[in-house]
Structure formats: structure tokens, C-alpha cells
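> My questions will all concern the structure given below.
The values are calculated or read from the model by the stated rules, or taken from the named source; none is laboratory data. Note that this is a predicted model, so its numbers are computed, not measured. We place every Cβ from the backbone using ideal geometry, glycine too, and count neighbours over all the protein chains shown.
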């Protein structure tokens, strides 16, 4: 743990975004995680994505559960709203907050323990309801805070630091998210920011349930030979199906890739993603194909990364429930208490 | 780019910008840390070894270190390095027992012409080795221009006495009031070597109409300052014009303010911003209500039957030609006559060697300067060396000291039968500063304080007494605050590629975005691809290869705070903070062996 605060000085030539902020303005407190933790790179990627999108920090709510990953919201967006909830309950708190105020950007940060064990049900229901959020799982395959036991996402056959082989089957959160109807599903790696940053930016812009599984090596307990979530293993077995560039604002599109390999996806809110295909056969609009592709590659020990599925026409929970547009805290007395005539009308409709 | 060779002594030396910029290469961050620790005597001795006159330089140095200071690239102002040097001198204990003792005499005799900083530096380096050094000076006391040209309100006599005495106390023979009028005669006295540190003693003349007629009230700046210093001049007219824009002009105008000049003006040919005077000296002059008028070229002294009444100036403006060279051309405005009672001419200094006879074996170049080797300081007479302003024209004290060290080394090598052109390499120490998992032997918590101002004596009192020192120096609290501003640039970020697992922790934590992992490329291309692109080619990129992904680690040294967070957040110890100390070679400080030449 570092005891000193990160110095306030910054590079004199630092780029500013539309709001006049540098990426340093999106930082939080200094990390208390172990040196080299993959989670810190995810933190840096969230900072970078929010900076690139020129997001006003006070329009973001970052919500987490318990665990190493769930500590990280303290390390980014120091001027945003935050809620550190009970273990595994991030999805429920986030759903509630989202129903109360749909104007904020919801960033759910969780880990493999928080989402694949104690909060597995919560995770499932927030996804199937289509809550408009960016759900990031910082997935290291171990329980770091309790000294490195296998988590539910540890691959069968992988070895612990002490050499014990995992005999349980792994939960693939990406496969589950696809099956439960998430409308933006991606996997990435904390050691590859060029892939991760645009994925987070695109997920934030996506209106619907966005899910990103980020493999994030645990330096203290899961970065050894025999681990399938180590830097070396992920780098060797990473099969990226595509790369994307998020096209922000009115900047002209500069696409310098070979024709036919780039696909511009326009999302519901008008934002655009330039998808650069690495695997010519992969179609990011085919949910069923994605699930098959994923299973096939997992069987070969490969880790499929990139934007795996996106539904540009996605709808969210508010659309399903036909809720009021305004945040609840902005509804005045007249809207909340429409009077006895209105009540009579409702009662009559139910008779 | 090729991987950086960090074992080359110069690589890390350049990262310590202040030390690299200092002609004597004083280990600045090292002594600033000692000040912060309250070890003033230790801080003083480090300075004494490098620059010989810490107390004097702490008040008067031209401070090439400060414009170079990295802090100035990170926020508004550099660390007040110079004034911290004075802190070491002001608060030290008695250090006499720490000075070298005169060694047993080796029978060799050295004559030093002039008792200023260059000669004294040579004598200080040579006397402890057993040389018999004889310093000749026309003035009764040692110090040269430090004593005669720098006003006492900037540099009190007590400080000069103290620091010249430390040197003379090493068994040096000082012959005050003894002017050398003939090199030939000196050569005939069979000294083993002669060092000429006689300065640039002649003030440049301003030969315009009226100069001769009004001579009684027109004074040459440095001569006038020295007369003031010796008490021969005690007053000046009410209205004074100082001509010239260098530091001597600043000393002249401020001295004039103290000798009865109530309406003192500095008038310069060039623009205010291009003046040669250091910014802080201009500031001090302005603070004492001395206006500085610019773009005015003096064309005539106006007098009434030999009594000076004013100076006429032509108004000019700056024009730049295609090559960017500046020319001063008449602006077309009418000439202006400024009334005055006295004029001080401070338009430059010149060397003069009337005492060096043509048949002494000393060759001169077309500018009438002796031909001097810039490394060995040898002249064309193998026994005669030059240094300070006498070698390459007017510079300043710290350059004179640096010349002195090098000349002393040459003299020592020559008299030890070695080749003086073979210069030994400096000794370098690099050692890890890690004390615990997240603890370092230096304070890596970066202070965000702005530069602290040095307290000044009240202006009314200061202007009444020409001997009252204007700057009071930092007190200990201010000194500590200022010392904390130092970024410890000598504690280097050292990268060991085979240990790196490319986790990006250092990239993410670096507050200055100095570190990038990327594909290698040519320097210009690489500079554009950095996390924070850097166009500053004078600041090195530290490149390391040998990473598993085939990328290279590139660290831009430019604005690194040396906070050590990269090393703190590195899980494998691939980054380490290592203190770099370089021992510049002085006479006698290294073994004298020819085998060292290529070491």
C-alpha cells in the first residue's frame, strides 16, 4: 500500500476534453490494492473512457459490493456519486437507483466472488431485466482478500498458488449474460487497455444492460504457472475477435483499415462504434453464434475477447415498465398526488 | 531507438538538471536533502568541495542551476537553490576541523596571479597535496572582484573574509598589494607552474562626444564600484544615469541609490527583456525605485563648460532579419536628452594583458585573448595556465571556480609527470534507496508549495546604509519549506526489464504520464506515441528492451517528479529508486594511473 497521496502536479502538455478536464480530473484516491493488481489497470481504463467521453463526473453513480474489485470505485471518479453495498447486492442497489433516477450513468463494479457466488442471483436478475447500466466484473479467479482460494470463475484444472488443482467447473459469466439477454456483452483483459478502454466507453453509451467481463490477474495469488488467469496465460491464449473505436461527437470517422473489415454500428442514442473485425467469421450481432463460438473456443482453452454481442436496438427496464421520464426526486406534489378524481379513475379501471 | 546505456556516467548526470547545469557540478539535491535534515555543516562541506565559496555563491551566484531546475517545468518557479546554499553557510557549525590539512611539502612551487575565485580555487586544490602556492594580488586582501566589484549590501566583507581565510589557512602564501607587472620576470623566478587568474579588469569605454570634456562626472562602472568598496568614493550626484544592462549596471545603480542618488535611472540600448542582467537583479533594482528605460542608445554627453548636464539618446527599435538576428534601428522618434549630475558607464568588461610580454611563449588570438585549451586550461607556454575571466573573457564566479578545478588538475598531472590531456573519468555511485516495501530513504511526498521569498531588509533602512545586507536569508522554517520543494532528481528511476511482467501499474500510477510501453520506433515517431507526447529533444527518453511482449519501455525524463510511485506500485521490483552521486575529479582525488584512461 502506498502511503503518500498521488502528487497533484500533472504533465504540462496534458490533453483536455470538451469539458476542459484532463484525465487526472477523473481520478479518485490512491489505490490501496496490492502493487501490480490488474484492477488498477481497469480503474485507469474507466478513468480514460470517462475522460474520452467528456462525461461530467457528477452525472455518474458508481455502485459496488464487497471485495478487492468493489474497493476500486474509491480510486476513480472522485467527484461522482458512489454506493458501496452489501456483498453481492450491487445489482439490486443499482436497479433501485436506476429506477429512481434514470438520468445518471450507472457503473456497477463487481468481482468474480461478488457476482458469480454470493451475488449470482442478483447479477442474473439485473441482466435479464435489462437495467441500463455498465456492469463490469473484475475477474481474477481467486478470493484475494481471503488469501487466494479458487473462486467460481476459476477454470477446472487450473492450479492454485500452492499447486492444488481446481476440480469444480467454472462459471462463465459472459455465457450466462448472453443467455440472460444482455444487449451488450464483452470480454477483455486488464493488460490490454487499447482493447478495454473503447469497450468501456461503448458500454457506457449503450442503452441497456451492458456486461463486461475483464480478466484481471491477481498478482499476489493468481499469477503463477498453472493459473489460467495470469498475465502470461491470458496473453498466450487471448483470441480477440475484434477491436473497436468509439466515435464520439461530430468528429469525422477516420477508418484506415482494409475495406470490409470495419463495420460502423450506430446505437440507439446515435452514438457510433467502429468495429474492426479480427476474425472475419465472427458476427457481433448474432447472439446464438456468439454463444457457440464462445463454447467452442473455451473447450480449446482459448479466451475469446472483444465485443461479443451488441443489440443496437436494445431497450431498457424503463421502457419495459413504461415509467415516468423524470427522476423521482424531481416529481412535484401535483404529479405525486394527482387528487381523488385520479384515484377514482384508477379504482374504476380495476373493478 | 537503441536501449539507453544507463551505465554511461553522463546519462543520469543529465537527469539531475541543476547539477548538470552547474559549471562545478555541485550535487544540489544531495545538499538540499541535508539541509532538510538539519545537517547544515554537511551541506556546507559538500558545497565547499564542489564550489569552494558556498557563502559567497549563496548570495551572488549567477545560478545557472535554477533555470535548469526540473521544478520550473512542473510549476511556475524553480527551487531557490542558490539561497539554500546560503542557508547551509548561515547555519553551519564551526567547520574548520573538517578542512584539509596542509600536507607535507612536495617541493613544487606554484605562482598564482590574481587573488580572485579562479586562483583561490586552484590554490585550494593544490595546497593540501603539498604544493607551495603563492597568490599575488594588487589589493591588500584576497577575493578579487568578489571583494572589489560586488557591493557590500549584497556580499558583506565578513563572508568573503571567512571563505578566503579557509583557503589561505591551508598554508598558502598570499602576497597582497603585490601587482604582477611582468610575466617574464615571474617566469624567471622558476616557479614549477604559473596560473593566471587575473580576471577581466578593464571596464569598457564609451567613446561618444563629450566624454573627455565631462570626464569629471563620468565614471567607469567597475572602477567606481571598486573605489566605493575601498571607501575612496562616498557620494554621488542626486541625478544619476547608469548606462548598460548587465549585472554590473544593477550593482552600480543600487550603489548610487545609497550614496546620495535619489533620481537614479538605468538606460539600456536593448529591450528590457534582452538585458544581460539576471532577472532577480533587475527585480531588486526596480524594487529600489530605479526605473529601467530601454531602446535608447547614448549618442552624446552634454556639458556646460565641462560640467556634465545630461546625456542625449537616440530612440531605437528592434528589427529581426531573415535569420532571426536582432538589429537596433532608429525608430524615427526625436532624440531625447536626459538630465543628470553623474553617469556610470557599465557597458561591459574587457581583458587586458599589458603585463604579458611578447616573448613569454604565450600566443594570443585575433581578439587579443590568450590561446587556452578549454579542457586543460593550458596556454601555449606549457608552464602557464589560465582560468576564470582571464581565460575566456567575463563570465562569473562559479565558472571561475570550475576553471580552477580543471586547471589545478592539469598542474598536478603535469608536475606528476602525466599527460594533462588524459582526463580521468569521474567516480559514480548508484545505490538503491529502498528501506521497506513502501519506504524510501528520501522524502518522496511531493510538496506543492510555491517558491518561498527570501526576506529583505526594510527598504528605508537598507538604502541608508551601504553596508547593510539587503537580503536577510531564509530562516530555518522557510529553508525547510523551500528544501522540501526539491524533487530529488538525483534519486533515479532505474528499470530492470527482465523483472517486468508488463502489468501497467507504473503507467497507471505515474502522476506525470512519463511511462509508456509500446512498439519501438525512431525517436521522432516514438516521442509522438508517448502517453504524453514530448517534443523536448533536450530531455532524454529512457528506453529499455527485453520485455516478453516485444515492446519497449519508454520513460520520458522531462517532467518526472522522482516521487518513486512507479517503484512503489511495481510488484516485481523492476523499478527501483537509486541515488546517483557523481564525484567530479579534482586534483589528487583519484589515483594517478595512465591505465585509467579508458576506464
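> In region A:174-267, which strands (runs of 3 or more DSSP E) lie fully inside it and hold 1 or more residues that are within 13 Å of chain B (Cβ to nearest Cβ) and at pLDDT below 95?
A:238-240
> Just give me the residues in region B:455-470 being touching a strand residue (DSSP E or B) at 6+ places or on another chain (Cβ under 8 Å) and buried (at least 18 other Cβ atoms within 10 Å of the Cβ), in sequence order.
B:462, B:470 - these are the residues of region B:455-470 that are touching a strand residue (DSSP E or B) at 6+ places or on another chain (Cβ under 8 Å) and buried (at least 18 other Cβ atoms within 10 Å of the Cβ).
> I've got another one for you. Scan region B:74-83 for residues that are within 11 Å of chain A (Cβ to nearest Cβ) and surrounded by 19 or more Cβ atoms within 10 Å (Cβ to Cβ) and jot them down.
Within region B:74-83, B:74 is the sole residue that qualifies.
> Please go through region B:431-444 and give me each residue that is more than 14 Å from chain A (Cβ to nearest Cβ) and crowded, with 16+ Cβ neighbours inside 10 Å, ordered by number.
Hit for region B:431-444 is B:433, nothing else.
> Looking at (1) more than 18 Å from the chain's Cα centre (by Cα); (2) crowded, with 16+ Cβ neighbours inside 10 Å; (3) within 14 Å of another protein chain (Cβ to nearest Cβ), which is the only condition residue B:70 fails?
(1)
> Which of (1) more than 9 Å from every other protein chain (Cβ to nearest Cβ); (2) surrounded by 23 or more Cβ atoms within 10 Å (Cβ to Cβ) is the odd one out, the single condition residue B:519 does not satisfy?
(2)
> Then there is this: Can you report the number of residues in region A:2-23 which are in contact (Cβ under 8 Å) with a residue 12 or more places away in the chain, assigned to a loop (DSSP other than H, G, I, E, B) and either closer than 15 Å to residue B:508 by Cβ or more than 7 Å from chain B (Cβ to nearest Cβ) (or both)?
Qualifying residue count, region A:2-23: 9.
> Moving to a separate point now. Here's a check for you: in region A:24-54, which residue that is part of a loop (DSSP other than H, G, I, E, B) and at the interface with chain B (Cβ under 9 Å from one of its Cβ atoms) is nearest to residue A:9 (Cα to Cα)?
Taking the candidates together, the pick is A:30.
> If you don't mind, there's one more thing I want to ask. Just to be sure I understand, how many residues within region B:363-378 are crowded, with 20+ Cβ neighbours inside 10 Å and farther than 15 Å from residue B:111 by Cα?
Number satisfying all stated conditions: 4.
> Follow-up question, since we're still on this one. Please work out which one of (1) within 14 Å of chain A (Cβ to nearest Cβ); (2) under 16 Å from residue B:504 (Cα atoms); (3) not in a loop (DSSP other than H, G, I, E, B) is the condition residue B:554 fails and give its number.
With (1) within 14 Å of chain A (Cβ to nearest Cβ); (2) under 16 Å from residue B:504 (Cα atoms); (3) not in a loop (DSSP other than H, G, I, E, B) applied to residue B:554, the lone miss is (1).
> Only one residue in B:595, B:567 is surrounded by fewer than 20 Cβ atoms within 10 Å (Cβ to Cβ), in a helix (DSSP H, G or I) and either modelled with pLDDT under 95 or within 14 Å of chain A (Cβ to nearest Cβ) (or both). Which one?
Working: B:567 fails: surrounded by fewer than 20 Cβ atoms within 10 Å (Cβ to Cβ).
One residue alone meets the criteria, B:595.
> Scan (1) more than 10 Å from chain B (Cβ to nearest Cβ); (2) surrounded by fewer than 16 Cβ atoms within 10 Å (Cβ to Cβ) for the single condition residue A:77 breaks and write down its number.
(2)
> Where in region B:31-81 are the helices (runs of 4 or more DSSP H), entirely inside, with at least 1 residues that are closer than 25 Å to residue B:157 by Cβ and touching a residue at least 24 places away in the same chain (Cβ under 8 Å)? Lay out the reasoning, then the answer.
Details: elements: B:40-51, B:54-60, B:65-68, B:71-74.
So the answer is B:40-51, B:54-60.
> From (1) within 14 Å of chain B (Cβ to nearest Cβ); (2) touching a strand residue (DSSP E or B) at 6+ places or on another chain (Cβ under 8 Å), pick out the condition that doesn't hold for residue A:93.
Failed condition: (1).
> With the structure loaded, tell me whether residue B:506 is at pLDDT 95 or above, over 23 Å from the mean Cα position of the chain (by Cα) and either under 30 Å from residue A:216 (Cα atoms) or within 14 Å of chain A (Cβ to nearest Cβ) (or both) or whether it fails that test.
yes
> Kindly evaluate residue B:589 against the criterion of being within 30 Å of the chain's Cα centre (by Cα), outside any strand (DSSP E or B) and within 13 Å of chain A (Cβ to nearest Cβ).
So residue B:589 does not fit the description; no.
> While we're looking at this one, here's another question. Go through (1) over 25 Å from residue B:72 (Cβ atoms); (2) without any contact (Cβ under 8 Å) to a residue 24 or more places away in the chain one by one and return the number of the condition residue B:469 breaks.
(2)
> Here is a further query. Criterion first (surrounded by fewer than 23 Cβ atoms within 10 Å (Cβ to Cβ), at pLDDT below 95 and touching a helix residue (DSSP H, G or I) at 6+ places or on another chain (Cβ under 6 Å)) does residue B:1 satisfy it?
Answer is yes for this residue.
> Read through the list (1) closer than 30 Å to residue A:34 by Cβ; (2) part of a loop (DSSP other than H, G, I, E, B); (3) touching a strand residue (DSSP E or B) at 6+ places or on another chain (Cβ under 8 Å), then give the number of the only condition that residue B:561 fails.
So the condition that residue B:561 fails would be (3).
> Same structure, new question: Does residue B:539 satisfy being buried (at least 17 other Cβ atoms within 10 Å of the Cβ), touching a strand residue (DSSP E or B) at 6+ places or on another chain (Cβ under 8 Å) and without any contact (Cβ under 8 Å) to a residue 24 or more places away in the chain?
Spelling it out, residue B:539 is indeed buried (at least 17 other Cβ atoms within 10 Å of the Cβ), touching a strand residue (DSSP E or B) at 6+ places or on another chain (Cβ under 8 Å) and without any contact (Cβ under 8 Å) to a residue 24 or more places away in the chain.
> Determine whether region A:130-152 contains at least one residue that is in a helix (DSSP H, G or I) and over 15 Å from the mean Cα position of the chain (by Cα). Before the answer, list the steps.
Taking region A:130-152 as the starting set, the residues that turn out to be in a helix (DSSP H, G or I) are none.
Looking through region A:130-152, none of the residues is in a helix (DSSP H, G or I) and over 15 Å from the mean Cα position of the chain (by Cα).
Residue-wise test of (1) in a helix (DSSP H, G or I); (2) out of contact with any strand residue (DSSP E or B) (no Cβ under 8 Å at 6 or more places or on another chain).
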| position | (1), (2) |
| --- | --- |
| B:147 | yes, yes |
| B:150 | no, yes |
| B:153 | no, yes |
| B:162 | yes, yes |
| B:166 | yes, yes |
| B:178 | no, no |
| B:181 | no, yes |
| B:184 | yes, yes |
